[in-house]
Every structure is written in structure tokens, then in C-alpha cells.
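Asker: This structure is in C-alpha cells; I'll ask about it shortly.
Every read-out reported here was derived from the displayed coordinates using simple, explicitly stated rules and does not represent laboratory data. Remember, predicted model here, so these are calculated numbers, not experimental data. Methodologically, a virtual Cβ is constructed for each residue, glycine included, from the backbone with ideal geometry; neighbour enumeration extends over all protein chains shown.
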């Protein structure tokens, strides 16, 4: 009902508080009846959702349970937020703890092989070259262990060769010195009378000492560039012929026949003085081990990238097991026979050292009744 002032009786009842519905006002129905205008409020002015609805929605199920338990909605919401924070904090602590444990295990896995390598390195520094480490850990650490073992093996081999060199050098020096001492003491005591034959024998021992000392000096020189000066392009044919002429007396003494197979010209890169020593050592070796009446063949040829010189001699040959070692210092196939023949096991080592210093290679081949030594030089 509307009175004369244009105000509905319902509105007046609300204003004076006289309306007392038993179940409270039905706002939606009241506004749907068109009374929102009189109240100065429109349905479209209401927000789509009440304030805080979105935030409460996250824990709606939890809130309903807490409300049913007698807690207010605000208290339920706070408890939900605290529980989420606690869960995430606990998860973060667990993640940090697991990360620390995994990092510690990884560090131990890396540190153990590194400590082993460090300990082995200290042993090698003390001269224990047999020290080795096991291959373990990640691939990078395992590769480091392999490199260390390879280094230790090389050092051990170098130490072995050094000791053998000292022992062999001392032995080679002691033999002629002992002979000289014996002859001189015998002549001093009148046991033997001085004669030209005795002086000749003493002179041979002195010559042997001189050759040995020069060979040791050459081995200790360790040329790194093929010469004390620059390499030269020379013709090998005249150099080979000259070396054969110098060695001819030793061949003629044993009636050894020398055969040559040389081209007219053979240019190569070499140091003339060192090439002469290489040829002299190889020819001397051939003369020493070729039986009387045997044959020595000297050949040379040009190849696409280098030149090859070979010296072949008849004789007993070299056992296959000894071939890989013939260029080692002081190595002798038959030690007793070599010492009688005057060999000290140094000549071929010098050949290898000088040839490889020029960028060339050396090799030896042998079969029954025939032995071949060869070397190559850059063209």
C-alpha cells in the first residue's frame, strides 16, 4: 500500500521498525518485487561475489569442516593458511637435507680417487715409480688416473734405462781399464817383458776407451733439431761412397765383398757430419758381424716423401726376439761374442738418435743368414 507521501507501508514499517517477520526479511524476493528503488539500492550494484570469497574458496572444504566443528570462518581460514605454510616449510627443509646428503656423497665420490692420485704422486716424487692408482670415479677423474699411470710407467721405464746405462757404462769402462792395469803391473813387476806386441795391445785398449768416451758424449748430447746447425739439402750418393772408402780397410781385412746399388743422384735433408757418423756406425756394425768372405750390400732409393738407405750383410742373423731392442743403449745380442768383437752396444743407439733428430726413421730386419739395417731421411 502507498500513502499520500508516496511511501509504501512496507517502507514505513521498516523505517519505524514495526515490521517483524518471523524468519527475517527475504531481501532477494523483496528486491525482486521492485522495492529496490525505494531503498536506494539496485541489484546490479552488488558485487558478483562477496569480499574475500575467492580467498576463502581455496580452503572451502577445510572451512566447512572447521565450521561444523564449531569454529568461525576466519579462524578456519587462518588455520588453513598456517597449515599450508607449515607443509611447504617442512618440504623445503626435507629438500635441503636431501640436497646436502647427495652433495656430500658426490663430494666423497670425487674426493676419494683424487686423494689416491695425490698420495701416489707423493710416492712417485720420493722415487717410488711403481706407484699406480685404480681407475674409479667419474670419467674425468678416471681419465686423470689413466694419465697418471701412464706418466708413472714412463718415469719407471726412464729410471730403469738410466740405471742400466750407468751399470753398462761402468762395466764397459772397467774392462779396458782392468786390462791396462794388468799389463802395466806385469811389466812393472818384470812378469812380462815390454815388446811391440804388448804396446800394440795397450794401444788397442786405449783406443777402445777413446771410442767409448766419444760415444757416451754423443749419447749425452741429445740433439733436438738434427744438428748443431741447420739441416742441409745434400746428395747422399757421394756421402755413401765416402763412408765406404773409409770402412774399406776393415772389409778387406776379412775379405768381405762390398756391393753398391746407388742412383746417380739422391738429394735429402741431413747434417753432413752426423750423416757420416750414421753411415760409419752401420758399416762398422756390418763389418763386425759379417763372417770372413761374406758380402755387404749398400743400397739407396728415392721415395715419394723421403729417401731410404739400407745396409745388408750376410751372417748368422739376429733372433726375432732381439730385433726390437737392437737400437737400445748397450744392448747386445750375444754379449760375450760382442765384447770379443769390440762392440759396446752403443753404435746403433747413436744411429737411432741422430736419424730421428732429423725427422727420419730407423729399422732392422733379419732372417736366416741375412741382416738388413735401414734408415730414412726427409727428401
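Asker: Can you tell me how many residues within the stretch 146-179 are touching a residue at least 12 places away in the same chain (Cβ under 8 Å) and either more than 22 Å from residue 123 (Cβ to Cβ) or loosely packed, with under 11 Cβ neighbours inside 10 Å (or both)?
Answerer: The qualifying residues number 10.
Asker: While we're on this one: Got a number for residues in the stretch 278-322 being within 17 Å of residue 359 (Cα to Cα) and surrounded by fewer than 18 Cβ atoms within 10 Å (Cβ to Cβ)?
Answerer: Counting residues in the stretch 278-322 that are within 17 Å of residue 359 (Cα to Cα) and surrounded by fewer than 18 Cβ atoms within 10 Å (Cβ to Cβ) gives 5.
Asker: Residue 215 passes all but one of (1) in contact with a strand residue (DSSP E or B) (Cβ under 8 Å, 6 or more places away or on another chain); (2) crowded, with 19+ Cβ neighbours inside 10 Å; (3) within 26 Å of residue 353 (Cβ to Cβ); which number fails?
Answerer: If we test residue 215 against (1) in contact with a strand residue (DSSP E or B) (Cβ under 8 Å, 6 or more places away or on another chain); (2) crowded, with 19+ Cβ neighbours inside 10 Å; (3) within 26 Å of residue 353 (Cβ to Cβ), just (1) comes out false.
Asker: Can you name every residue in the stretch 113-131 that is surrounded by 14 or more Cβ atoms within 10 Å (Cβ to Cβ), free of Cβ contacts under 8 Å to residues at least 24 places away in the same chain and outside any helix (DSSP H, G or I)?
Answerer: 131
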